[in-house]
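In what follows, a structure is listed as structure tokens, so that the remarks can point back to it.
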Amino acid sequence: MEEKDQAIEEKDQVIEEKDRVLEENTRALEENAKVLEEKDRLIAELRRLR
């Protein structure tokens, strides 16, 4: 039973780490979207100025 409990604990730790990484990736993707929107805005502004 001890081995099974340990295996469950290890799996829980892996799941928690994956959740953390997913949250981090989500934040990075949201930031990338903001940067791309700003880039598009700046490109449009440049084209207007030409």
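The table below lists the values:
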quantity: Top positive-direction residue, dipole computed over the chain with Cβ charges, set Ile8, Leu46, Leu36; calculated: Leu46
quantity: Descending semi-axes in whole angstrom, ellipsoid equivalent of the chain, from the Cα gyration tensor; calculated: 48, 4, 4
quantity: Under 22 Å from Lys4, Cα to Cα: lysines that are on another chain or at least 8 residues apart; calculated: Lys18
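Laboratory data are not the source of any read-out in this text; all were calculated from the coordinates shown. Just so it is clear, the model here is predicted, and its values are computed rather than measured. Don't worry about glycine lacking a Cβ; one is built from the backbone with ideal geometry, like all the others, and counts go over all protein chains shown.
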